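In what follows, a structure is listed as structure tokens, so that the remarks can point back to it.
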Amino acid sequence: MFNPNEVILERVRFVEEYDVATNELMGRYTQIESPSLKTAAEGTAVTDAMGSEIANFYKAQTGTFDFTNSIHSLDLMASQFGAKKEVADTANKMIMPVSETIDIAADHTVVLKYVPVGTAGAEVKYVKVINENNEFGKTYEVSATAGEGKFTLDAASKTITMPDDVTGKVFVRYDKETSTAVKVTKKTDDVPEVKSLLIHAIFHNKCNPNVVYAGVISVPRAQIDPSSVELNLTPDGKQAVSYKLQANSCEESAKLFDIIISED
């Protein structure tokens, strides 16, 4: 009979999020650091006439599961924001802001990298000249015809034409349309959904570490805590997340999680 007591936990391999109603996979996170499963309870002490504790009664048992993903996960961001990750394609293109610094050619034109989109004839509304000191200078405004302080735009050819006396570089801000992008949006009225979790781990026999066991911590209901979400925007930045475990009030058993270890 397989009935271990003490086992060696090697690591948590990955964490999976599922829709609690449909059991559809919603997110899978594979770069797990510092996973931690905690429980707590609210205690009421019973004391005698001398104030000595003679019993404790506990209620409101709660749990949390925390981990840090070593690299940024867009699926995890969406879950933290209570959002859906949007994926663009040829039928559902996205609008993406673009900022460019471009040299003005000898013929006074500026060629954008992408086709600008927006109000016809004013897809690029302003252009700012960068002077020889690499500082912002005069601002020029789009116009259907050339003139003082104006530039013209041919959006289809991605070409801006500046006045003849303007040289150097320009800064251009515009929007492009793309079919190869994803987007995650944070809104003030969105909160993370309740999910179920499967936390997959590798265990070893304490007497023979070559013997490997598969383990799963199954959490029926968990909700990401949105009260403090931080995205570390550096190359070595990591993504921390904290779940609050919940009991299902519609079930007789107020289960927070199961820890399951299998020999095979």
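The values are calculated or read from the model by the stated rules, or taken from the named source; none is laboratory data. Computed from a prediction, not measured in an experiment: that's the story for all the values here. Here the Cβ positions follow ideal geometry from the backbone for every residue, glycine too, while neighbour counts run over all protein chains shown. Calculation scope for accessible area: heavy atoms of the full protein, side chains included, ligands and nucleic acids excluded. Shrake-Rupley method; radii C 1.70, N 1.55, O 1.52, S 1.80 Å.
Out of region 148-181, which residues are among the hydrophobic types (A, V, I, L, M, F, W, C) and either part of a loop (DSSP other than H, G, I, E, B) or open to solvent by 70 Å² or more (accessible area, probe 1.4 Å) (or both)?
Within region 148-181, Ala155, Ala156, Met162, Val166, Ala181 qualify.
Residues Leu76, Leu37: which one is open to solvent by less than 80 Å² (accessible area, probe 1.4 Å) and in a helix (DSSP H, G or I)?
Matching residue, one of Leu76, Leu37: Leu76.
Filter region 121-135 down to residues that are modelled with pLDDT under 95 and open to solvent by 70 Å² or more (accessible area, probe 1.4 Å), then give me how many there are.
4
Quick check, is Gly118 exposed (fewer than 12 other Cβ atoms within 10 Å of the Cβ), in contact with a strand residue (DSSP E or B) (Cβ under 7 Å, 6 or more places away or on another chain) and at positive phi?
So Gly118 fails the test.
Take the residues in region 136-147 that are among the hydrophobic types (A, V, I, L, M, F, W, C) and assigned to a loop (DSSP other than H, G, I, E, B), then tell me which one is nearest to the chain's Cα centre (by Cα).
Only one residue tops the list, namely Ala144.
Would you confirm whether or not region 34-42 contains a residue that is small (Gly, Ala, Ser) and either under 26 Å from Glu263 (Cβ atoms) or modelled with pLDDT of 95 or more (or both)?
Looking through region 34-42, at least one residue is small (Gly, Ala, Ser) and either under 26 Å from Glu263 (Cβ atoms) or modelled with pLDDT of 95 or more (or both).
Among the residues of region 88-114 satisfying the criterion of being of a type outside the set (A, V, I, L, M, F, W, C), open to solvent by less than 50 Å² (accessible area, probe 1.4 Å) and outside any loop (DSSP other than H, G, I, E, B), which is nearest to Tyr126 (Cα to Cα)?
Within region 88-114, the first condition is being of a type outside the set (A, V, I, L, M, F, W, C), and the residues that meet it are 89-90, 92-93, 97, 99-101, 103, 107-109, 113-114.
Pick out the ones that are also open to solvent by less than 50 Å² (accessible area, probe 1.4 Å) and you get 100, 108-109.
From what's left, outside any loop (DSSP other than H, G, I, E, B): 100, 109.
Details: Glu100: 12, Thr109: 15 Å.
Filtering first and then ranking leaves Glu100.
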